[in-house]
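Report on the following structure.
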Amino acid sequence: MDHPCLVTLERDSAPRTLFSGDQLVEVDLPAGTRCIYPKPTLEPLKDVDAAIRYAINHPEGTDPLYAKLRPGMRVTIAVDDISMTLPPMRRPDVRERILTIVLELLADHGIDDIEIIIATGIHRRMKANEVRHMVGDKIFDEYWPDKLYNHDAEDVDNMVEIGCTDRGEVLELNRRAVESDLLIYANVNFVPMNGGHKSVAVGLCNYKSLRHHHNPDTIRASDSYMDPRKSQLATDISRFGKLANEKLNVFTIETTVNNRMFDSNLDFLGKNEDDLSDRERALLKGLVLTLARLPQPARHAIFDKFPAPYGVTGVWAGETGAVHEKVIDRGFEQYLVPIEGQADVLICPIPFISPYSVHAFLNPLLVQVLAQGYLFNMYRGAPLVKKGGTMIITHPCTDKFDHEQHAPYIEFVHRVLPETRDAHELRHRYEEKFAQNPAFIQMFRTGHAYHPAHPFFMWYWGENGRQHMNRVIVVGADNEYIPKLMGWETAASMDEALYMSKGENGRSPDITLLHMPPIVMGDVTIPPSRTNGASEGG
């Protein structure tokens, strides 16, 4: 029997409503199409503050936090940046809750040498209003900007080499974190791929250290990097994270949230269209028409204006590895939907937001990341689509960039990609030269631009999808240039895209729709009769 979130369409099924950037489009899909819907939202904790206090007093694999404290200590607290959650959480953000409780505990133990670092890695610096939203007014007013600030991966004087992995890879981390008596990392897990050893080793490092694992070979060697237990990327990062924990006194606090991305007035967006009430159908129809009529900036403002009502579903603290095992299990509990067999065609609607486009337009390179990087990898066990299969995405692929956040992306897409899409060639011919560009470095350090190496990493994230799938077809593109630059084809409609995806023998393909957002992952098993005991995803 199919899982309740796995729906097989019939001839009289309603059209599916899919995101296409900041618009919604209705498409009729063939009978037999399997649609994977997000699981019901897990109930949030009734008392999040009590759960935080319990976690730090009953930690995994180490002493309680209070037992690690003594008067006069130098303590640094690192927190995740704005890339999680998507969209940003409604206040109070769980990071504000953690900081409030931890800062009170530190004060009770006579500790006042405290700094809070936003662990941006090589992401853009958060703006003051974004930081205020995340940490709350009281903490912001007391600590910003001298004792609450963004990590600066290009501040050479404030980066310290702490050692090398067993493979001779250098790890450099933020000086303040390294020279503290205690480093507390407060994390919010939005998907299973973040958190764990990635927190300190990525969030507080620099390009010199990141390049050891943020590269095409590591990505290609990974099974879905959304499953940290199978991902070579997670394994390589853990090598650095374990080194950090050997050298530093790290206490990890990790949290999980549910999938309640939309408030109650929009939660029908994650439901099976056949199950909508008359009221919900009317609201959906009205939203589709309204978005179609509005200019793009107005559409973007609608989705950007309202924070998400995510609920905290778990809090754990202590030793990083032990904590993250609990986090992975809770994340999979929220996201995984079992599905048997792989599809010939995987349909992925591309939404209006990514971890790297908060309060900014989703540019073409980030469309690629979502399609061939993140959404392709939304599985455990085996890919949702067969080796050599087709992905169909819905997105306009507009040639538009946020010039403040994504300045390096523009040159990467329009100067470098026309020369080569080969990830290894990009890495060896262009990456380091870009990473050292003084103008881009200045924009990264003093403005709110991503590091100049970041667009390369964004291209590498798509390696699994590029290597596995034979083609990507875009429905709804407003130009031919960008899809062609990405190595994709275009279709004027979903019917045309499905016709293009038929095999040479004209057989109708097996189709799976990943109906998101909110986030959903396929827990894929392949019957032995189909593979003679071998996985099609190998």
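Note down the nm distance, to one decimal, between modelled labels 7 Å out along Cα→Cβ at K127 and at E340.
In this crude label model, K127 to E340 measures out at 5.1 nm.
Rounded to the nearest 500 deg cm²/dmol, what is the calculated helix-only ellipticity per residue at 222 nm for the chain, with -39500 (n - 2.57) per DSSP H run of length n ≥ 4?
Value at 222 nm, helices only: -8500 deg cm²/dmol.
Step by step: find N for the range 280-358, compute 2.2 N^0.38 Å, then divide the Cα radius of gyration by it. What's the final number?
1.61
For the chain, what are the DSSP H helices with axial Cα length of 18 Å or more and mean Kyte-Doolittle hydropathy of at least 0.0?
Those that clear 18 Å and a mean of 0.0 are 94-108, 278-293.
Under a point-charge model restricted to the Cβ atoms of Lys and Arg (+1) and Asp and Glu (-1), what is the dipole moment magnitude of the chain relative to its Cα centre, in debye to the nearest 20?
Dipole size: approximately 440 debye.
So, in nm, how far is label E319 from label K387 when the simple model puts each one 7 Å beyond its Cα toward the Cβ?
Distance between label points: 3.8 nm.
Among T41, P15, V27, flag the residue with its Cα farthest along the positive direction of the charge dipole of the range 1-54, charges on Cβ as +1 for Lys/Arg and -1 for Asp/Glu.
Farthest towards the positive pole: T41.
Given a cut-off of under 8 Å on Cα pairs at least six residues apart, what relative contact order in percent is computed for the chain?
21
Identify all aspartates and glutamates with a Cα-Cα distance to K285 below 12 Å; exclude those on the same chain that are fewer than 8 residues away in sequence.
Partners within reach: E26, E273.
Can you give the FRET efficiency to the nearest 0.05 for A301 and A439, using r as the Cβ-Cβ distance and R₀ = 22 Å?
After rounding, the FRET efficiency stands at 0.15.
Please compute, for the alpha-carbon atoms of the chain, the extent along each of the three principal axes and give them in descending order in Å.
Result, largest extent first: 73, 52, 52 Å.
Which loop-located GluC sites (Glu not before Pro) does the range 347-433 contain, where loop means any DSSP state but H, G, I, E or B and the Cβ has at most 16 other Cβ atoms within 10 Å?
In loop regions of the range 347-433 (DSSP not H, G, I, E or B), the sparsely surrounded GluC sites (Glu not before Pro) are E404, E419.
Give me the number: length gained by fully extending K502 to E432, i.e. 0.36 nm times residue separation minus the C-alpha to C-alpha distance, one decimal in nm.
Gain on stretching K502 to E432: 21.0 nm.
Need one number for the range 73-176: average projected area of the convex hull over its C-alpha atoms, nm².
Over every viewing direction, the Cα hull of the range 73-176 projects on average to 7.9 nm².
State to the nearest 20 debye the size of the charge dipole of the range 176-278 about its Cα centre, where the only charges are +1 on K and R beta carbons and -1 on D and E beta carbons.
Computed about the Cα centre, the dipole is about 820 debye.
Say each of D113 and L266 gets a label point 7 Å from the Cα, pointing the same way as Cα to Cβ; how far apart are those two points in nm?
For D113 paired with L266, the spin-label model returns 4.6 nm.
Among N158, H213, I117, whose Cα lies farthest out toward the positive end of the dipole of the chain, if unit charges sit on the beta carbon of Lys, Arg (+1) and Asp, Glu (-1)?
Comparing the listed Cα positions along the dipole, H213 ranks first.
Round to the nearest 0.05 the FRET efficiency obtained for K285 and R229 when R0 = 45 Å and r is the Cβ-Cβ distance.
After rounding to 0.05, the efficiency reads 0.60.
If you place +1 on the Cβ of every Lys and Arg, -1 on the Cβ of every Asp and Glu, and leave all else neutral, what size is the dipole of the range 390-538 about its Cα centre, to the nearest 20 Debye?
240
Treating only the Cα positions of the range 314-416 as identical point scatterers, give the base-10 log of I(q)/I(0) from the Debye formula at each q in 0.11, 0.15 Å⁻¹.
Values returned for q = 0.11, 0.15 Å⁻¹ are -0.51, -0.83.
Between D329 and R175, what is 0.36 nm times their sequence separation minus the Cα-Cα distance? Round to one decimal in nm.
52.1 nm
Show which aspartates and glutamates lie in cross-link reach of K305 when reach means a straight Cα distance below 14 angstrom and same-chain residues fewer than eight apart are skipped.
Qualifying aspartates and glutamates at Cα under 14 Å: D22, E130, D263.
Report, for the chain, the % of DSSP beta bridges that are antiparallel, rounded to 5.
Of the beta bridges lying entirely in the chain, close to 25 percent run antiparallel.
For a test of the definition: using alpha carbon positions, the gyration tensor, and the 1.5 limit on a/c, classify the range 158-219 as rounded, prolate or oblate.
Verdict is oblate for the range 158-219.
Enter the accessible area per residue of the range 1-135 (Å², integer; probe 1.4 Å; all protein chains in place).
43
The values are calculated or read from the model by the stated rules, or taken from the named source; none is laboratory data. Since this is a predicted model, take the numbers as computed values, not measurements. Neighbour counts run over all protein chains shown; Cβ positions are idealised from the backbone, glycine included. Just the protein is used for accessible areas: all its heavy atoms, side chains included, with ligands, DNA and RNA removed. Shrake-Rupley method; radii C 1.70, N 1.55, O 1.52, S 1.80 Å.
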